[in-house]
1. Search the stretch 75-99 for residues being crowded, with 16+ Cβ neighbours inside 10 Å, among the small types (Gly, Ala, Ser) and part of a helix (DSSP H, G or I), and hand back the single one that is modelled with the highest pLDDT.
2. Check off (1) modelled with pLDDT of 95 or more; (2) in contact with a Pro (Cβ under 9 Å, 6 or more places away or on another chain) for residue 50 and give me the number that stays unchecked.
3. Kindly list the number of the only condition in (1) at pLDDT 90 or above; (2) more than 20 Å from residue 85 (Cα to Cα); (3) in contact with a strand residue (DSSP E or B) (Cβ under 6 Å, 6 or more places away or on another chain); (4) acidic (Asp, Glu) that fails for residue 201.
4. I want to confirm something. Restricting to the stretch 32-74 and keeping residues that are part of a loop (DSSP other than H, G, I, E, B) and over 25 Å from residue 122 (Cβ atoms), which single residue is nearest to the chain's Cα centre (by Cα)?
5. Is there a residue being closer than 15 Å to residue 173 by Cα and either modelled with pLDDT of 85 or more or not basic (Lys, Arg) (or both) anywhere in the stretch 108-123?
6. Do you know which of the residues in the stretch 53-74 that are over 30 Å from residue 199 (Cβ atoms), touching a strand residue (DSSP E or B) at 6+ places or on another chain (Cβ under 9 Å) and not basic (Lys, Arg) is surrounded by the fewest Cβ atoms within 10 Å (Cβ to Cβ)?
7. Going by the structure shown, is residue 110 surrounded by 14 or more Cβ atoms within 10 Å (Cβ to Cβ) and either in contact (Cβ under 8 Å) with a residue 24 or more places away in the chain or hydrophobic (A, V, I, L, M, F, W, C) (or both)?
8. Of the residues that make up the stretch 117-135, is at least one among the hydroxyl-bearing types (Ser, Thr, Tyr), farther than 23 Å from residue 185 by Cβ and exposed (fewer than 15 other Cβ atoms within 10 Å of the Cβ)?
Amino acid sequence: MKSVFSSRGKLLAGLTAMLFSTAAFADIQIEATWVKQGVDWAKYTKFEVKPLNIEDVKVIKPAYAADDPNEWTVDFANLEGMQAIFRDVMKDILTANDGYPVVYVDGKDVLEVEVEILNIMPWLKPGSSSEIDGHQVTTLGSGEITARVEIRDSSTRELLLMIEGDKAVGQQYNEFTAANNVSNIEFMFTRFATRLRNSMDDIHGK
C-alpha cells in the first residue's frame, strides 16, 4: 500500500490511531489509571500540549500474522504525519469558541499534556496491499493501539493524572483504505481533545 498525503501529513494506510476511553478529570468523568487527589483543577486555564511522543513506538503483529517472518514497521516520516494531526486537532478543539489558550511556556495556570504512543497493531501489514484476490479488505476499524497520557502541572512538573491502556481503533466495518485510516486518526484525536475540553468546561462552569 502506498503512502498517502492528507492536509495534515503523510500517513501509511496501515497506521492506526488513538482511542482513549477517557480524558476527563478525576471528579467528573475520569477512568484514569492514576490521579492525584486534592488537585485544584479550577486554577488551570491554559494548556501546554507537548508533541505526540513517537520515540519508541513498537509495531505488533496481529495474531493471524504471528508466524510472518518479516518485520512489521511504520516509517518514521509517517509517524510525523500522525504528530501533525495530533497537534492541529488539539489546538483547534481546545482553543475554539472562547476556549483555552494553547501556550508554549510553563506557568502556574498551565496544564501540561503529553501523549505517548507505545504500541501499534494494524490489521494489515504497513506498506502491503489492501486488496486480496482483487477484493478490497474490510475490517472492524484499523487495528489496536496502546498509549499513555500524562497530565502535569507545567510549573512544577508534578504528575496529576495518568491514563494508559489498549484500545480498538474504529467501531464499524469499513474497507481498509488509506482514506478510512486517516479518518480514524483524526476522529480519535478529536474524541480525546473534545473530552479534555468538555472536562475543563465543566470545571469552569462553561
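The values are calculated or read from the model by the stated rules, or taken from the named source; none is laboratory data. Remember, predicted model here, so these are calculated numbers, not experimental data. Methodologically, a virtual Cβ is constructed for each residue, glycine included, from the backbone with ideal geometry; neighbour enumeration extends over all protein chains shown.
1. That would be 84.
2. Exception for residue 50: condition (2).
3. (3)
4. Within the stretch 32-74, the subset part of a loop (DSSP other than H, G, I, E, B) is 32-33, 36-40, 44-45, 50-52, 54-57, 60-62, 66-74.
When the remaining residues are screened for being over 25 Å from residue 122 (Cβ atoms), the result is 32, 36-40, 44-45.
Values: 32: 16, 36: 23, 37: 25, 38: 27, 39: 25, 40: 26, 44: 22, 45: 22 Å.
Top of the filtered list is 32.
5. Yes: the stretch 108-123 contains one or more residues that are closer than 15 Å to residue 173 by Cα and either modelled with pLDDT of 85 or more or not basic (Lys, Arg) (or both).
6. Step by step, filter the stretch 53-74, then rank; the result is 71.
7. Criteria met by residue 110.
8. Going through the stretch 117-135, the residues among the hydroxyl-bearing types (Ser, Thr, Tyr) turn out to be 128-130.
From what is left, the residues that are farther than 23 Å from residue 185 by Cβ are none.
Looking through the stretch 117-135, none of the residues is among the hydroxyl-bearing types (Ser, Thr, Tyr), farther than 23 Å from residue 185 by Cβ and exposed (fewer than 15 other Cβ atoms within 10 Å of the Cβ).
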